[in-house]
Structure formats: C-alpha cells, structure tokens
Amino acid sequence: MATFHCFPLLPLEVRQCIWELAMDPRQILYGEEPVSGYKCPWPSSAPPPPLLHACAESRTYLQRYYRKVYATEKDTGRYDWVNFDIDTLYLPQDDLETLHAEFPMARRLIILGIDSHLFRHYHSRLLLEVKHLEDVTILHMQSPDEVDNEWWQCWDAIMDHFYLHDDPVHFYLRILYPEAPPYEMNPESCL
C-alpha cells in the first residue's frame with residue numbers, strides 16, 4: 001500500500017472519519033473448539049485489527065470502538081479486540097451462556113449447533129436475552145456417522161418458536177448445514 005504523505009495535514013475530523021471507514025469486520029473465535037467427533041469448521045484466530053497498530057493517533061481514536069475479549073473464561077492470556085458493531089463472534093453453542101453474560105452488546109454470531117434439542121430447550125432462550133443481536137447463523141453439526149437428509153426437522157421447532165407468534169425475535173436467524181449445501185433455513189423459507 002502506498003504512503004499518503006499528506007494524511008497528517010488533513011483536518012482531525014477527516015482523519016478520524018477515514019479511520020472509522022477503514023475498520024474491517026472480522027470473525028472472532030470465542031470458546032473452546034468442539035470435540036473432535038464432529039466435523040466442525042473451526043477457523044484460525046483473527047489477526048488483531050491492523051488500524052489499532054497503524055499509528056498512535058489511530059490507536060487512541062479507535063480504541064473507543066474495541067473491547068478486549070478473552071478467548072475463553074479460563075484462558076485470560078489469549079484475547080482479541082472486538083468491535084461489536086461490525087465483528088462476528090464465532091462460538092460453539094455451549095459457550096452461549098458465558099457470551100450472553102459477558103457480552104450483551106454482541107450483534108452478530110455464528111454458532112456451531114451440535115445438539116438441536118439441547119439448543120431448543122436451553123440455549124435458545126439465551127439468544128433472546130442478548131438485546132443488541134441482529135444476525136445469527138447456526139451451523140448444524142453432527143457426528144460424521146450420523147449425516148442426515150432430514151437435518152432441518154430438528155431446527156424447525158426453533159424457527160417456529162422464534163418467529164411464529166405475536167412478538168417475533170428482533171434478530172435474523174439462518175441455520176445452515178455445511179454437509180448439505182446450499183440448504184438454508186431462515187424466516188422466509190420456514191414461514
């Protein structure tokens with residue numbers, strides 16, 4: 001990338017606007033990688049936001065948008081900087097309880113849905129308590145020896161619970177099965 005030598009000469013408000021517009025959304029891993037009996041897509045950890053390391057001015061200005069988030073409750077040595085306005089948290093369903101207590105500002109989630117029945121009866125209520133949630137993607141996972149063409153049936157009741165009543169949820173939910181693309185459950189396809 002070429003250096004723009006006139007950048008420091010721009011008015012402060014313009015430089016700050018440029019810093020804001022240059023922030024990129026990232027996927028942040030939260031929680032422990034699920035047990036190996038499941039074929040779960042577990043991405044590598046996101047690099048730190050580059051703009052927090054560009055210069056002292058960008059770091060000082062942009063720190064107001066980022067919050068230090070530890071990778072797990074137990075591991076206080078590994079952390080990421082998260083901008084809840086643009087970043088997506090990627091986590092197994094079992095870590096939803098910690099997430100909802102620690103990060104009520106979360107807006108975007110990708111959840112590894114390993115047990116749809118447990119999710120429906122326990123974890124789904126936790127999503128309702130994350131007030132700023134806008135977008136949730138659940139990746140339906142199951143043991144490789146249990147691949148099922150009727151995978152969607154177990155999630156259908158969750159979609160009904162969230163959307164088929166007088167007060168539907170405030171976030172958009174999609175459920176994907178990576179082993180059987182391009183299948184997607186969402187409010188439009190289920191209702």
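Ranked by how many other Cβ atoms sit within 10 Å of their own Cβ, fewest first, the residues 30, 70 fall in the order 70, 30. Couplings 3J(HN,Hα) for the range 123-136, derived from phi with the Karplus relation 6.51 cos²θ - 1.76 cosθ + 1.60 (θ = phi - 60°), are 6, 4, 5, 5, 5, 5, 8, 8, 5, 9, 4, 10, 9, 10 Hz, where x marks Gly and Pro.
Read-outs throughout are calculated quantities, based only on the coordinates presented, and are distinct from any laboratory measurement. This structure is a prediction, so every number in the text was calculated from the model and none was measured. Virtual Cβ from ideal backbone geometry, glycine too; neighbours counted across all protein chains shown.
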